[in-house]
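Read through the structure below, which is laid out as structure tokens, and then see the notes.
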Amino acid sequence: MEAPKLVSERILDNVERVIIGKTQETRFALITMLCQGHLLIEDVPGVGKTMLARALADSTGCSFQRIQFTPDLLPTDVTGVTVYNQQDGSFQFRPGPIMAQMVLTDEVNRATPKTQSALLEAMEERQVTVDGTSYPVPRPFMVMATQNPIEYEGTFPLPEAQLDRFLMRIHLGYPSATDEVLIMDAQQERHPIDDLQQVTTAEEVAELQQAVTTIYIDPLIKQYIVSLVGATREHESAYLGGSPRASLALMRSTQAYAMLEGRDFVQPDDVKLLAYPTMGHRVIVSPAARVRNIDSAEIVDECIERVPVPGVRARGGA
């Protein structure tokens, strides 16, 4: 396989033919895939959440399935169902749309909590269990969920246990006026997603995921990550701070970011950059702080300011 940075840049350039003006958010989506994690995209309708998932799947050659979450969606509509075959008298498993490499769960917060929980086993254990039998999901596997803000009617907020299983949460936001004109130009005759070509394979993605784990991360930076996550648990405005899974997510995402930058080591600035995307959805603001309009971004920023940054030293140095 060629250099991981070159492969990653090829994927990013291809995705940005569809998603215009969102370079940082596109990088975060790719980082999530390279970390074998799952991505939650929270924003208002019409800003390109669904197109980002499709473009990433098409670029990497991963099998793609979309599940439109609605209030009447059942768990078996996600995982699959066992049916009776009258011809041979046996029961056969008919896999649901979750059995794909890239699964887009569109408007995940519009389904009931019972249906939302159908994703938990697949996201954490990479398998689904139907009628007592477990079936592994294909590799690489990634759930990319989109949701509208919970202030909209007809939504069910995601429980903390499910939020914790997303490696990152990002917000796309509205494009700038210049980018919005470019989007109109690109889609004047036909949508660029229709002409998007595959630029790598699922096997190469798996190799990139393995390469991420080889990126060096100094013990001092590991301690910095632990201190930062610990600070969210002790913050006076936080009802619930980051879990140990948040520490693991932050460590792995900084390794992937360093690889995209062409480095074989993690820097403290990588931790600062990725702190909010990996921890913002895991920090629950206390009711008293919410009344004062304090949000999780402010808590994470204050924790970054409070925790001392470790000094830089050579790889493996004392």
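Read-outs throughout are calculated quantities, based only on the coordinates presented, and are distinct from any laboratory measurement. From a predicted model like this one, the values you see are computed outputs, not experimental measurements. Cβ atoms come from the backbone with ideal geometry, glycine included; neighbour counts cover every protein chain shown.
For the reader, a short list of remarks on this structure follows.
- The chain: relative contact order as a whole-number percent, Cα under 8 Å and 6+ apart: 21 percent
- 22 Å Cα-Cα reach of Lys222 towards lysines, excluding residues that sit fewer than 8 places from it in its own chain: Lys272
- Ranked Leu172, Leu240, criterion: other C-beta atoms within 10 Å, fewest first: Leu240, Leu172
- Each label was represented as a point 7 Å from its Cα along the Cα-to-Cβ direction; for Ser176 and Arg233 these points are 4.1 nm apart.
- Where labels lie 7 Å past Cα in the beta-carbon direction, separation of Arg10 and Thr112 in nm: 4.7 nm
- The Cβ shell under 14 Å around Glu25 holds other residues with a net charge of 0, Lys and Arg each +1, Asp and Glu each -1.
- Extended-chain gain in nm, criterion 0.36 nm per residue less alpha-carbon gap, Ala297 and Gln197: 32.3 nm
- Rounded, prolate or oblate (a/c below 1.5 giving rounded, otherwise prolate when a/b exceeds b/c) for the chain by Cα gyration tensor: rounded
- Residue order for Arg263, Arg169, fewest other beta carbons within 10 angstrom first, comes to Arg263, Arg169.
- Note on Arg245 and Thr213: with the Förster distance fixed at 22 Å, the Cβ-Cβ geometry gives a FRET efficiency of about 0.85.
- Which of Tyr174, Tyr276, Tyr257, Tyr84 has the fewest Cβ neighbours within 10 Å, and the rest in rising order: Tyr84, Tyr174, Tyr276, Tyr257
- Cα gyration tensor, the stretch 190-299 - rounded (a/c under 1.5), prolate or oblate: oblate
- Our note on the geometry: Cα centres of the stretch 248-318 and the stretch 95-128, 27 Å apart.
- Formal net charge of residues neighbouring Gln188 (Cβ-Cβ distance under 14 Å; K, R +1; D, E -1): -4
- Placing a label point 7 Å from the Cα of Thr76 along the Cα-to-Cβ direction, the residues of the stretch 106-133 whose backbone N falls under 11 Å from that point are 131.
- Simple spin-label estimate for Val226 and Glu160 gives 2.3 nm between the two label positions (7 Å along the Cα-to-Cβ direction from each Cα).
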